[in-house]
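S.K.: Got a structure for you, questions after.
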Amino acid sequence: MPLNAYLTLGVAACFAILILLAGGAVLLRKRQNRRGGSIRDLLDLADRLEADLKTCRSGLQQAHAVMSLNPDLPAASEQDARHAVDAGLRALLQQRLWIRDRAPAASQHELDETATSMRDARDRLQPLLRALDQAQADLNSAMREQIRRESDS
């Protein structure tokens, strides 16, 4: 084989190796970007879930404050509601600790499962928040009606 053939073969082999390395670098970068995005999504989901839980706690406190002013309204278990919200916040803290400690080394599947779990928790909480808003509106309406009746008397 002439020297030019070996040189051409060597250049072609180097070019093929460069293409493989570049492709591998691109795939690695995509994987890193996806992991980084997944971790950012987890932190964002945790923030939104925490905000939802705090909104729920605030709404429950307002509802119980209104009910304590009006003995005619049925009493609800404020302590049970507070414990449920606090349990949700403790579970969220555990999720945040997992994100901090384990997410950087977790598999993409684990990150996806955790995100799905947090989305599911938010999805389950949304109807409760809507019901709480409606209950608050009903309580406010009942309080206005009672004040109106008392002022008419």
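Derivation of every value follows stated rules applied to the coordinates shown; laboratory data play no part. Everything numeric here is computed off the predicted structure, so don't read it as measured data. Quick reminder, even Gly has a Cβ in these numbers, built from the backbone with ideal geometry, and neighbours come from all protein chains shown.
S.K.: Out of the residues in region 28-44 meeting the condition of being more than 17 Å from the chain's Cα centre (by Cα) and closer than 27 Å to R119 by Cβ, tell me which one is surrounded by the most Cβ atoms within 10 Å (Cβ to Cβ).
M.R.: Going through region 28-44, the residues more than 17 Å from the chain's Cα centre (by Cα) turn out to be 28-34.
Within this subset, residues satisfying the condition of being closer than 27 Å to R119 by Cβ are 29-34.
Numbers: R29: 10, K30: 10, R31: 11, Q32: 10, N33: 10, R34: 13.
Out of the qualifying residues, it is R34.
S.K.: Something else now. I'm checking my understanding of the structure. Among residues of region 96-153 that are not basic (K, R) and not in a helix (DSSP H, G or I), which one is surrounded by the fewest Cβ atoms within 10 Å (Cβ to Cβ)? Walk me through how you get there before you give the answer.
M.R.: Of region 96-153, the ones not basic (K, R) are 97-99, 101, 103-118, 120-121, 123, 125-129, 131-143, 145-147, 150-153.
The next check asks that each one be not in a helix (DSSP H, G or I); those that pass are 106-107, 153.
Values: A106: 19, S107: 9, S153: 5.
Here the residue is S153.
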